[in-house]
Structure formats: structure tokens, C-alpha cells
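Heads up, the thing below is written out as C-alpha cells.
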Amino acid sequence: MKFCITGGGTGGHLMIAEALVEAAAQEGHEAIFIGSTSGQDRKYFESHSTFSHVYFLETSGVVNQKGFKKVKALWLVLKAFFASRKILKHHNIVAVYSVGGFSAAPASFGALSRFIPLFIHEQNAVAGRLNSLLRPFASSFISAYDVNSPIKGYPVKEEFFKSARVREKVKTIIFLGGSQGAKAINDLALSVANELQNRGIKIIHQAGERDYERVKQEYDALHVEAELYGFTKEISFLMSKADLAVSRSGASTLWELCANGLPALFIPFPHAASDHQYFNAQFIVDKELGWCERESENLREKLLLLLDENLQDKSSALLEQSSEDVAKKMIQGACKALHD
């Protein structure tokens with residue numbers, strides 16, 4: 001079968017797309033990708049991927065635009081919609097899987113206009129506007145947070161499960177600001193760097209490309225050794241070395257941490273749409289499997305208190321939250337729906 005996987009913009013959406021294409025390939029299916037020239041779609045899939053073909057159409061977000069910019073964004077979506085229709089026809093696509101994000105709109109509407117079944121994965125605890133709009137027309141709607149979802153769990157790449165382990169004490173801490181980095185998390189890391197070094201706790205830090213040089217200079221000034229990265233796709237390897245994470249609570253990162261058994265202090269991005277990162281984190285906090293603090297809270301004091309925690313119970317329970325074959329079940333579920 002030939003699938004189209006569409007959506008992206010941020011690393012969270014794109015990690016799902018990557019998990020789905022790998023599952024499709026393992027099941028003997030072909031998949032193409034339709035994304036956007038905006039966001040990180042090209043960074044993930046332009047040079048190397050499991051997709052047979054990749055397309056990046058000129059689109060931008062619509063929701064937060066005003067006036068002429070909104071009109072222009074809608075015009076770009078309309079042009080991309082017609083381009084998507086041609087692509088879907090050219091490749092004889094039998095099903096489209098949307099992973100969300102503004103770049104999913106053209107191919108999702110293109111699928112519906114061609115009566116091609118549309119399947120949706122919602123990554124966050126609060127559904128995005130596009131997914132909410134399309135949900136009534138979808139053949140299936142998958143969400144790890146929805147009790148009515150036909151498939152439970154979240155699609156996470158196999159490598160996060162392979163390197164999973166139960167943590168006990170904090171010997172290494174990883175700071176994760178997401179694919180774009182996060183100044184609040186970077187500043188927190190720098191504020192505790194000397195204390196961590198004095199306690200013999202190693203530091204791994206993904207600072208984001210935009211803040212990398214500043215953070216590097218600050219570590220050098222503090223005479224603190226840190227394993228520092230701007231952008232890296234080796235997150236599973238870095239997580240495997242850590243015992244505690246300080247992280248944004250984008251959905252993909254949250255579920256990757258679960259799959260790896262790595263407890264985390266979540267610091268939600270305060271400007272996320274519908275405050276969805278906070279609600280993502282609360283899903284874990286409500287189960288007493290992690291911690292969550294707003295940026296405005298005393299983050300340094302909270303983090304230092306966690307350094308003496310026994311993490312074994314939380315780490316073990318986190319491993320039970322994730323299922324290793326969710327992406328495979330999503331592809332198999334789509335195939336079954338097509339045959340029914």
C-alpha cells in the first residue's frame with residue numbers, strides 16, 4: 001500500500017512522522033511525505049529518510065496571523081491544497097496520515113477532496129485547531145490522552161525502548177529545551193552548574209542552536225564541564241546516559257522520556273497554544289511519575305531538591321506507560337480500516 005504522511009513544523013510532529021514511516025516500511029508499505037518549506041520539515045527529511053518521496057510546499061501558520069498576513073497564509077494553503085491533490089493522485093495514495101501542525105492542512109484537505117481515507121494522530125493533551133476541525137471527517141483519531149482512542153499509547157521510535165533502563169540515583173542530568181532550545185531551561189542549567197559539578201553529577205545539555213554560543217561561553221566562565229549540543233538527532237543516546245531530565249513538555253519528548261524510563265522535571269513552554277504543554281505534563285504528574293513547574297516558579301530550588309530523590313519507583317512505572325509497537329498498530333489499523 002502507498003501511504004502519505006503529512007504534517008510537521010516542529011520536532012514533535014516530525015518524530016511521529018518518522019516513527020510511522022519506519023513502521024510502514026517494516027510492514028512492507030511505501031510512504032511519501034508532504035510537509036512545508038517552513039519549520040523543520042526539511043531539516044528532518046530532505047537529505048535522508050525512509051520516505052520514497054518527500055515534498056515541501058510553501059505554507060505558513062494561519063491561526064496566529066492577522067490582516068494581510070492571514071490572507072496570504074490562507075492563499076498559500078489553497079495553492080498547496082491543489083499541489084497536494086496532484087501529488088496524491090500521482091502516487092496513487094490509498095490513505096493519508098496526518099501528524100498535525102499547520103503543514104498538514106493541504107494534504108489532509110486534499111485527501112478528503114479525493115475521498116482518500118484520512119487518519120489523524122493528535123500528539124497533545126489539548127487537540128490542535130486543525131485536528132479538531134478535521135476530526136469529524138477522519139476515519140480514525142488517535143491520541144494517547146483520549147480514553148476513546150482506538151489505539152492506546154504514543155508512537156515512539158524503537159531506539160528509545162532499546163536503551164531504556166530503571167534509574168535509581170541522579171548521577172547524570174540532561175537539560176532538554178526541545179528542538180528550538182529554551183532560554184529558561186538554559187539559564188536554570190547554568191544556575192545549578194557549579195552545584196552539580198561539586199556533587200559529581202554530570203551535565204548533558206541541548207541548548208538549541210540560537211543560544212548555543214552564549215551557553216558555551218557561560219559554562220567556560222564557570223569552569224564547568226558539560227556535554228553541550230545545539231541541535232542533535234541523537235537524543236535517544238543522550239537520554240540513555242541520564243538519570244534525570246529537565247525538559248519542556250512537548251508530547252514527543254514527554255513520551256520518549258516515558259519509553260526510556262527517564263523521570264523528568266517538566267517546565268512547559270508558557271506560550272504554547274492552549275497551554276497544551278502544561279496539560280501534557282499534568283498527565284504524568286497526576287500519576288505521580290514526574291514533576292512540573294512553571295517558568296515563574298523557583299526552578300533552581302525545586303531542581304536541587306530533586307537531586308536526592310530515589311527515582312526507582314517512578315522510573316519503573318514510567319516504563320509501563322509506553323507501548324513499543326504503537327506506530328505499527330497505527331499502520332496496521334489503517335490497513336484494516338481500508339479492507340473493511
Notebook entry, point to check: For residue 227 and residue 69, what is the calculated FRET efficiency with R₀ set at 41 Å and r taken between the beta-carbons, to the nearest 0.05?
Noted result: 0.50
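Rounded to the nearest 0.05, what FRET efficiency do residue 47 and residue 26 have when you use their Cβ-Cβ distance and R0 = 22 Å?
0.50
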Margin query: Modelling each spin label as a point 7 Å along the Cα-to-Cβ direction, I'd like the residue 316/residue 338 distance in nm, to one decimal.
Written below: 4.3 nm
Next item on the list: With springs only between Cα atoms under 10 Å apart, run a GNM on the chain and tell me which of 126, 54, 147 wobbles the most.
Entry: 147
Notebook entry, point to check: Gap in Å between the Cα centre of segment 319-340 and the Cα centre of segment 100-136?
Noted result: 18 Å
Checklist line | Extreme residue, positive dipole direction of segment 203-270, given options 215, 237, 247 (C-beta unit charges) | finding: 247
Item checked: Cα centre as origin, Lys/Arg/Asp/Glu Cβ charges: the chain dipole, Debye -> 1380 debye
Next item on the list: Given a cut-off of 21 Å, name the pairs among 89/157; 2/89; 2/233; 241/328; 169/216; 69/89 whose C-alpha atoms lie farther apart than that in the structure shown.
Entry: 89/157; 2/233; 241/328; 169/216; 69/89
Checklist line | Carbon and sulfur %, accessible surface of segment 1-80 computed with the full protein complex present, 1.4 Å | finding: 54 percent
Item checked: Cα centroid separation - segment 35-53 against segment 159-176, whole Å -> 29 Å
Check: In square angstrom, rounded to the nearest 10, how much accessible surface does residue 1 have for a 1.4 Å probe?
Finding: 70 Å²
Check: In terms of modelled amide H atoms, which long-range or inter-chain residues lie less than 5 Å from the amide H of residue 97?
Finding: 4, 5, 6, 119
Next item on the list: Starting from segment 62-152, pick out the chymotrypsin sites (Phe, Trp or Tyr not before Pro) whose DSSP state is loop and whose Cβ has at most 13 other Cβ atoms within 10 Å.
Entry: 115
Note to self: Give me, ordered by chain and number, the residues 5 or more places off residue 202 or on other chains with an amide H under 5 Å from its own placed amide H.
What the structure shows: 172, 173
Checklist line | With 5 Å bins from 0: P(r) over segment 1-114, alpha-carbon pairs, percent | finding: 2, 14, 25, 25, 19, 9, 4, 2, 0, 0
Margin query: I'd like the Karplus ³J(HN,Hα) series for segment 209-222: coefficients 6.51, -1.76, 1.60, θ = phi - 60°, whole numbers in Hz, and an x wherever there's a Gly or Pro.
Written below: 5, 5, 10, 4, 5, 4, 5, 4, 5, 5, 4, 4, 5, 7
Check: If each of residue 305 and residue 171 carries a label point 7 Å out from its Cα toward its Cβ, how far apart are those two points in nm?
Finding: 2.7 nm
Notebook entry, point to check: How big is the charge dipole of segment 225-340 about its Cα centre, in debye rounded to the nearest 20, if each Lys and Arg gets +1 on its Cβ and each Asp and Glu gets -1 on its Cβ?
Noted result: 420 debye
Notebook entry, point to check: From the residues 53, 127, 312, which one has its Cα farthest along the dipole of the chain in the positive direction, the dipole being from +1 and -1 charges on Cβ of Lys/Arg and Asp/Glu about the Cα centre?
Noted result: 53
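The values are calculated or read from the model by the stated rules, or taken from the named source; none is laboratory data. Bear in mind that the values here come from a model prediction, so they are computed numbers and not experimental data. Neighbour counts are summed over all protein chains in view; Cβ atoms, including those assigned to glycine, are modelled from backbone coordinates with ideal geometry. These accessible areas exclude ligands, DNA and RNA; they are computed on the full protein's heavy atoms, side chains included. Shrake-Rupley method; radii C 1.70, N 1.55, O 1.52, S 1.80 Å.
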